[in-house]
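Q: Here it is, the structure, as structure tokens.
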Amino acid sequence: MERLPSMVLNEEIVGRLDMETLCSIACLNRAFRFSVDSQAIPSISSLHLNTMSPDGQTLHHILGRCKSLTSLTLNCLRLLDHSLCHFLTPSIQQLNLWCCSLLSYQILASIGNNCPNLRVLVLELADKGSTDVFRSNLAIMLNRCFYLESLSLKIRGTEVDANSFQLIEFFLPKTITTLKLKPMLESDAFVLISRVGRNRLDTDILSVPTSPPYIPKFGLQSLSLVLDLISDELLVAITDYLPLLVELDLEDRTYKVPLPDRDLTNTGLQFLGSCRRLTALSLVRGRLKHQGTFKRVNDMGMFLLSEGCKGLESVRFCGFSKVSDAGFASVLHSCLKLKKIEVRNSLFLSDLAFHDLTGVVSCALVEVRLLSCRLITSETVEKLALCRSLEILDLGGCKSIADSCLSSITRLRKLTTLNLSGADITDSGLYVLGQGSLPITNLCLRGCKRVTDKGVTRLLCGGGTIGKRLITLDLGYMPGISDETILAVAAADIGIIDLCIRSCFYVTDSSVEALARKRSVQGMNKQLRRLDLCNCISLSAESLRWLKKPSFQGLHWLGICNTRLASHVDSTITEIHQERPWLTLCLDGCEIGCHDGWQFHKPEGH
């Protein structure tokens with residue numbers, strides 16, 4: 001290897017690898033280390049570290065040698081302002097900062113002062129309780145990022161002040177085409193939409209089109225808002241001021257049932273149908289203090305929407321409790337370009353909506369998510385098996401899915417993601433699935449109470465492709481799972497990166513030992529990265545010794561809430577932190593990666 005010409009080593013081998021792999025091969029020999037340190041890392045233009053949560057020292061060690069960064073993606077769970085500011089430079093054009101639990105609002109001003117050429121910004125902040133400080137720093141940033149095209153700002157917490165984005169419309173650059181804000185009051189959204197729309201209309205009037213068709217130089221193409229209420233008036237404003245919208249994502253989280261004249265009705269969907277350019281639509285009534293629903297929208301509203309927006313390629317509906325099979329079927333059959341559909345918490349969606357999938361739409365569907373739809377049965381899955389382009393099938397919470405449809409799933413030769421959480425499947429069904437030639441990389445069996453060790457072992461060792469391709473496996477809340485399953489996972493020639501076994505009460509220290517001893521598969525990039533042991537009550541504190549080097553070499557995240565490992569916080573935990581500063585030990589009960597609860601983390605919790 002050391003005799004290879006430097007050009008071949010740098011351009012044909014090292015230059016094609018990601019950061020994690022570069023760090024791994026640098027340990028192999030001097031030639032690789034020199035090539036990585038002197039050539040590869042300094043020339044990297046795009047860096048993605050969203051799967052691990054580095055501390056300030058680790059981040060400095062990684063980014064200190066990156067001199068050409070234009071795009072940076074970070075998981076900021078353990079980063080403070082001063083750790084990050086050093087790497088905010090004028091060359092940065094795309095900045096994605098996730099899970100910023102410790103960053104202050106001053107980071108906004110720092111971004112504006114140091115990244116004047118920024119085009120794309122995604123920022124997830126934890127609520128700090130000071131709305132005025134947030135607004136002033138946001139104004140500084142927006143006034144100095146003249147070329148910003150895409151802005152996504154989310155503030156997460158228990159009681160976030162929805163007034164935080166008030167008056168943002170006065171500072172938005174006219175280059176903005178994509179805008180995502182969370183949370184926001186409906187009244188502030190009216191003002192924002194009308195001002196942005198008036199600016200677009202002014203541009204239309206002042207500009208003279210040179211050749212038809214003329215497209216204005218200014219105008220939102222994608223809008224995503226999390227509001228206190230979605231109403232007819234809001235949708236009317238959107239259709240009036242933003243008729244060129246391509247993507248619309250609206251979610252509301254109501255404290256109480258909306259008044260009849262302040263809610264979304266069929267009329268609002270009829271107006272929305274005039275947005276002929278829409279290709280992606282998401283309308284969600286979320287859960288705050290209770291599971292709200294759009295009680296004043298029925299099948300007629302869906303008819304009117306689907307007749308107007310025939311160009312839709314992606315739809316997401318949550319909380320439409322009065323819409324039946326006829327309404328959802330109208331979307332399936334009118335929107336012939338439809339590739340993605342998601343329906344959540346529908347009381348009346350049943351197999352009849354998918355009865356006739358013999359048209360063009362059956363060839364186009366790539367992603368289907370039917371979540372917590374109690375009337376969906378195995379018959380729907382058998383119909384969806386006609387969609388030979390299907391890559392993602394999510395049936396989470398559909399409890400009437402049984403073994404009879406699993407043979408149909410094996411005919412989906414492009415399926416990479418399958419969620420059967422809560423399904424009424426058994427070991428026999430998993431045996432059928434394990435013998436298929438499915439290219440599944442992500443599988444969720446969470447809450448499948450009739451599945452035992454025997455079924456999972458058959459799945460992984462059945463001779464099919466699923467036992468060789470799996471990357472993510474969720475076996476949480478399964479009472480039939482014990483050490484036997486985990487030993488099978490560890491023994492199989494399978495490169496699982498994410499493994500969830502939370503609330504598997506019969507998993508013991510033997511499982512942790514087996515996973516710790518498991519060797520990497522197909523190179524170092526196939527090691528276990530994230531492991532969820534939350535609420536595995538049979539684990540003892542002795543398992544902590546397997547978290548020390550050299551075991552679990554690639555582990556980035558470990559969930560140990562409600563286990564004896566979490567209650568045994570002593571010098572062992574301190575030693576592990578010192579040995580592995582990149583490892584996040586989550587004691588707060590979050591799902592894998594802390595994507596659902598990072599805003600509540602305390603610094604000492606990690």
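Q: For the stretch 338-420, what number results from the quotient of the Cα radius of gyration and 2.2 N^0.38 Å?
A: 0.96
Q: In Å², and per residue, what accessible area does the chain have when probed at 1.4 Å with the other protein chains present?
A: 43 Å²
Q: While we're on this one: Step through the table entries 414/468; 182/295; 295/337; 154/256; 399/449; 339/399, compare each Cα-Cα distance with 18 Å, and write down the pairs that go over it.
A: In this structure, 182/295; 295/337; 154/256; 339/399 lie more than 18 Å apart at Cα.
Q: Which of the peptides 343-355, 250-262 is most tightly packed, and how do the rest follow, judged by the mean count of other Cβ atoms within 10 Å per residue?
A: 343-355, 250-262
Q: How much of the accessible area of the stretch 113-174, in percent, comes from carbon and sulfur atoms when a 1.4 Å probe is used?
A: 46 percent
Q: Here's something else I'd like to know. Can you bin the stretch 434-492 into rounded, prolate or oblate? Criterion: square roots of the alpha carbon gyration tensor eigenvalues sorted a ≥ b ≥ c, rounded for a/c under 1.5, prolate for a/b above b/c, oblate for the rest. Walk me through the intermediate numbers first.
A: On the way: a/c = 1.73, a/b = 1.44, b/c = 1.20.
Note, shape of the stretch 434-492 comes out prolate.
Q: I'd like the carbon and sulfur percentage of the solvent accessible area for the stretch 222-357, probe radius 1.4 Å, heavy atoms only, ligands and nucleic acids excluded.
A: Its accessible area is 55 percent carbon and sulfur atoms.
Q: So what is the 222 nm mean residue ellipticity for the chain from helices alone, if each DSSP H run of at least 4 adds -39500 (n - 2.57) and you divide by all residues, rounding to the nearest 500 deg cm²/dmol?
A: It comes out at -8000 deg cm²/dmol, rounded to the nearest 500.
Q: Given the Cα atoms of the stretch 375-434, and with Rh set as the inverse mean 1/r over their pairs in the Kirkwood sense, what is Rg to Rh to two decimals?
A: Rg/Rh for the stretch 375-434 comes to 0.91.
Q: Turning to a different aspect of this structure: With just the Cα atoms defining each centre, how far is the stretch 214-282 from the stretch 90-147? Give it in Å.
A: Each part's Cα centre sits 27 Å from the other's.
Q: While we're on this one: In units of 2.2 N^0.38 Å, what is the alpha-carbon radius of gyration of the chain? Write down the numbers at each step before the final one.
A: Details: Rg = 25.7 Å, N = 606, 2.2 N^0.38 = 25.1 Å.
For the chain, the normalised Cα radius of gyration comes out at 1.02.
The values are calculated or read from the model by the stated rules, or taken from the named source; none is laboratory data. Note that the structure is a prediction, hence the values are computed from the model and not measured. Methodologically, a virtual Cβ is constructed for each residue, glycine included, from the backbone with ideal geometry; neighbour enumeration extends over all protein chains shown. All accessible areas refer to the heavy atoms of the entire protein, side chains included, with ligands and DNA or RNA removed. Shrake-Rupley method; radii C 1.70, N 1.55, O 1.52, S 1.80 Å.
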